[in-house]
Amino acid sequence: MLGMLHQDFITLQRPSAVRLLLEQSLAQAGRRLDVAYESHQLVTVGKMVASGLGASAVPALCIQQMRELGAVCVPLVAPQIERRVGILRLKQHQLSHAAAALAQTMSDECRWPDL
């Protein structure tokens, strides 16, 4: 991550959780996030990176989408930025198709108990 800071950095606008995690992680390392460009959509961030405007850090769940946009994805080694997420639901209620697809994607991408 720190090596990417030598390039123009593209990130999501505040109050994005991704941006907050980046800023907090860098602050712990005594660094500051200097932003060259910002957007409110990850797809726009990916297109800007693919167009050669700079570098960014996005959630691992977005890797396939970023690659489809033409961006090159490289895993962050240090600092590693993680955040716990989960899904809460009532057992007796069936999930909508969109919610079921999200739950399945999260289950496929993460190592957690079946939902």
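The values are calculated or read from the model by the stated rules, or taken from the named source; none is laboratory data. All figures in this text were calculated on a predicted structure; none of them were measured in a lab. Here Cβ is always computed from backbone atoms with ideal geometry, including for glycine, and neighbour counts include all displayed protein chains. The area values use the complete protein model at the heavy-atom level, side chains included, leaving out ligands, DNA and RNA. Shrake-Rupley method; radii C 1.70, N 1.55, O 1.52, S 1.80 Å.
Quick check: anything in the range 74-83 within 23 Å of T105 (Cα to Cα) and either assigned to a helix (DSSP H, G or I) or open to solvent by less than 70 Å² (accessible area, probe 1.4 Å) (or both)? Steps first, answer last, please.
Start the filter on the range 74-83 by keeping residues that are within 23 Å of T105 (Cα to Cα), which leaves 74-76, 80-83.
Next, from what is left, pick out any that are either assigned to a helix (DSSP H, G or I) or open to solvent by less than 70 Å² (accessible area, probe 1.4 Å) (or both): 76, 81.
Within the range 74-83 (the criterion being within 23 Å of T105 (Cα to Cα) and either assigned to a helix (DSSP H, G or I) or open to solvent by less than 70 Å² (accessible area, probe 1.4 Å) (or both)), the answer is yes, since at least one residue qualifies.
Hey, any hits in the range 33-51 for a residue that's assigned to a loop (DSSP other than H, G, I, E, B), touching a helix residue (DSSP H, G or I) at 6+ places or on another chain (Cβ under 6 Å) and farther than 23 Å from S107 by Cα?
Filtering the range 33-51 for residues assigned to a loop (DSSP other than H, G, I, E, B) gives 33-36, 40-41, 51.
From the residues that got through so far, the ones that are touching a helix residue (DSSP H, G or I) at 6+ places or on another chain (Cβ under 6 Å) too are 33.
Subsequent filtering for residues that are farther than 23 Å from S107 by Cα retains 33.
Within the range 33-51, one or more residues are assigned to a loop (DSSP other than H, G, I, E, B), touching a helix residue (DSSP H, G or I) at 6+ places or on another chain (Cβ under 6 Å) and farther than 23 Å from S107 by Cα.
If you take the residues of the range 1-13 that are under 19 Å from R83 (Cβ atoms) and at pLDDT 85 or above, which of them is least open to solvent (accessible area, probe 1.4 Å)?
Among those residues, the one meeting the criterion is T11.
If the requirement is being of a type in the set (A, V, I, L, M), under 19 Å from P15 (Cα atoms) and within 16 Å of the chain's Cα centre (by Cα), which of these qualifies: V45, V77, V72?
Numbers: V77 fails: under 19 Å from P15 (Cα atoms); V72 fails: under 19 Å from P15 (Cα atoms).
Among V45, V77, V72, only V45 is of a type in the set (A, V, I, L, M), under 19 Å from P15 (Cα atoms) and within 16 Å of the chain's Cα centre (by Cα).
If C62 satisfies all but one of (1) without any contact (Cβ under 8 Å) to a residue 40 or more places away in the chain; (2) open to solvent by 40 Å² or more (accessible area, probe 1.4 Å); (3) within 30 Å of D108 (Cα to Cα), what's the number of the condition it fails?
Looking at each condition in turn, C62 falls short on (2).
Out of the range 92-110, which residues are at pLDDT below 75 and either over 15 Å from the mean Cα position of the chain (by Cα) or open to solvent by 100 Å² or more (accessible area, probe 1.4 Å) (or both)?
So the first thing to find is which residues in the range 92-110 are at pLDDT below 75, and the list is 92, 109-110.
Hits for the range 92-110 are Q92, E109.
Which condition number does Q24 fail, the rest of (1) under 12 Å from the mean Cα position of the chain (by Cα); (2) assigned to a helix (DSSP H, G or I) being met?
Evaluating Q24 over (1) under 12 Å from the mean Cα position of the chain (by Cα); (2) assigned to a helix (DSSP H, G or I) leaves (1) as the failure.
Report, ordered by the first and then the second residue, all pairs with beta carbons closer than 6 Å, sequence separation of six or more or different chains, a first member in the range 1-20 that is on the phi < 0 side of the Ramachandran plot, and a second member that is at pLDDT 85 or above and open to solvent by 40 Å² or more (accessible area, probe 1.4 Å).
D8/A36; F9/V35; F9/A36; I10/Y37; T11/V35; T11/E38; Q13/E38; Q13/H40
Enumerate the pairs (first residue in the range 27-44 and open to solvent by 70 Å² or more (accessible area, probe 1.4 Å); second residue anywhere and assigned to a loop (DSSP other than H, G, I, E, B)) with beta-carbon separation below 8 Å, excluding pairs fewer than 6 apart on the same chain, so at least 6 apart or on different chains.
Every condition considered, the pairs that remain are Q28/P79; Y37/D8; Y37/L53; Y37/G54; E38/Q13; H40/Q13; H40/S16.
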